[in-house]
Amino acid sequence: MKWNEFKKGIHTGLPVGLGYFSVSFGFGAMAIAQGLSAFHATLISATNLTSAGQFAGLTLIVAMGTLWEMVMTQLVINSRYSLMSIALAQRMGEKIGFLPRLLIAFFNTDEIFALAMARREPLTVPFLLGLGTLPILGWTGGTLMGALAGSVLPTDIRAALGVMLYGMFIAIVIPPARQEKPVCIVMILALILSSLFAWIPALQQVSAGISIVLCTVIAAAVCALLFPIRDEEVAE
Amino acid sequence: MSIYTYILTMAVTTYLIRVIPLTIFRKPIRSRFLRSFLHYVPYACLTAMTFPAILTSTATIISGAAALIVAVVLAYRGKSLLTVSLAASAAVMITEWVLIIVK
């Protein structure tokens, strides 16, 4: 194990670890507000390491959805990770073996993926393990802190903290929507669809998990047909 | 159903999505439609989960709407994830306090 590479990885991952801590704090507070225990909230973060997927999963647990819905929802929401894993696999080359890949796959999140791909030097196993360490600790520790704070804070402050997660989602989608018109259109489509599912009485029968899946698949498929991405965007 | 069954299902599904392409399928996706679809999925999914749920996630629809507006304006101005998240929270608290005073 090359400690130098591991340390470089830790250093690169530090800002992501701090960011994850603050955002997962919101997830912890929200999980408590919806009736989960601090232990269960922390367990979800420690085993999943994904914001949108966990959030949808929490909605399904609270609504007591079926396991089939859970699988479908995670497949659709987290499908982007398969694309990232494919890109990361290309970037890692043949030198990195099967066992390290099993570990690295666990923490291939949007931000860690972006940092790994942005590295100029070749990717090594110690670097990647170092890169994942602080984000995992930050995400899990932040959830625990948020859950504990959520257990003692009054209800109105809990609800306010729960909004942090929505704030993060908005901060992720708005900047690219400004730059890419198709992204803006896919969002408007998804927004109209999810409003229909929430407000049209006949569509309210559709469960929370399935409606997220349908909104995502329909909006993304329509925009993929109307605005196929250029080839250079795929290289990233 | 036990909560552990749900958590295990979530975790295994998410892990398989990440690990299979990294270990077995190492070829790039050729279908332009599929690549475009996967490019748009995160935006569609995050939007569908945020709206209109954010409106009903707090005590009143007014404070939820305040959080939404504050977050969109700050995100549009390119503020960081943390700033936007905290400002949305603050907007909810302030709106709730103002509503209590007005009543």
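The values are calculated or read from the model by the stated rules, or taken from the named source; none is laboratory data. Computed from a prediction, not measured in an experiment: that's the story for all the values here. Please note: Cβ atoms are built from the backbone with ideal geometry, for glycine as well, and neighbour counts cover all protein chains shown. The area values use the complete protein model at the heavy-atom level, side chains included, leaving out ligands, DNA and RNA. Shrake-Rupley method; radii C 1.70, N 1.55, O 1.52, S 1.80 Å.
What to note about this one:
- One residue stands out in the stretch A:1-22 among those that are touching a Gly at 6+ places or on another chain (Cβ under 7 Å) and closer than 18 Å to A:Met145 by Cβ: the one that is surrounded by the most Cβ atoms within 10 Å (Cβ to Cβ), namely A:Tyr20.
- Within the stretch A:16-46, the set of residues being among the β-branched types (Val, Ile, Thr), modelled with pLDDT of 90 or more and within 25 Å of A:Val173 (Cα to Cα) comprises A:Ile44 only.
- Every condition in (1) in contact with a Ser or Thr (Cβ under 6 Å, 6 or more places away or on another chain); (2) at positive phi is met by A:Phe169 except one, and the failing one is (2).
- Criterion: under 20 Å from the mean Cα position of the chain (by Cα) and farther than 22 Å from A:Leu49 by Cα - qualifying residue of B:Ala48, B:Ala44, B:Ala11, B:Ala66: B:Ala66
- Residues of the stretch A:8-29 that are touching a helix residue (DSSP H, G or I) at 6+ places or on another chain (Cβ under 6 Å) and aliphatic (A, V, I, L, M): A:Ile10, A:Leu14, A:Val16, A:Val23, A:Ala29.
- Taken together, A:Phe98, A:Phe113 contain a single residue that is more than 7 Å from chain B (Cβ to nearest Cβ), open to solvent by 20 Å² or more (accessible area, probe 1.4 Å) and of a type in the set (Phe, Trp, Tyr), which is A:Phe113.
- Failed condition for A:Met168, given (1) closer than 17 Å to A:Leu36 by Cβ; (2) in contact (Cβ under 8 Å) with a residue 40 or more places away in the chain: (1)
- Candidate set: the stretch B:29-53, residues that are of a type in the set (Lys, Arg) and assigned to a helix (DSSP H, G or I); chosen: the one nearest to A:Ser207 (Cα to Cα): B:Arg35
- For the stretch B:81-101, the tally of residues that are within 7 Å of chain A (Cβ to nearest Cβ), of a type outside the set (A, V, I, L, M, F, W, C) and open to solvent by 50 Å² or more (accessible area, probe 1.4 Å) stands at 0.
- Within the span defined as the stretch B:40-49, one or more residues are facing chain A (nearest Cβ under 8 Å) and of a type in the set (Gly, Ala, Ser).
- Scan the stretch A:47-70 for residues that are within 7 Å of another protein chain (Cβ to nearest Cβ) and among the polar types (S, T, N, Q) and the total you get is 3.
- Residue check for A:Ile10: out of contact with any strand residue (DSSP E or B) (no Cβ under 8 Å at 6 or more places or on another chain) and not in a helix (DSSP H, G or I): no
- For A:Leu137, the stated conditions hold: it is hydrophobic (A, V, I, L, M, F, W, C), in the same structural domain as A:Lys7 (by TED's automatic domain parsing), modelled with pLDDT of 90 or more and surrounded by fewer than 16 Cβ atoms within 10 Å (Cβ to Cβ).
- The stretch B:54-92 - residue that is in a helix (DSSP H, G or I) and touching a residue at least 24 places away in the same chain (Cβ under 8 Å) and, of those, farthest from A:Tyr166 (Cα to Cα): B:Ile62
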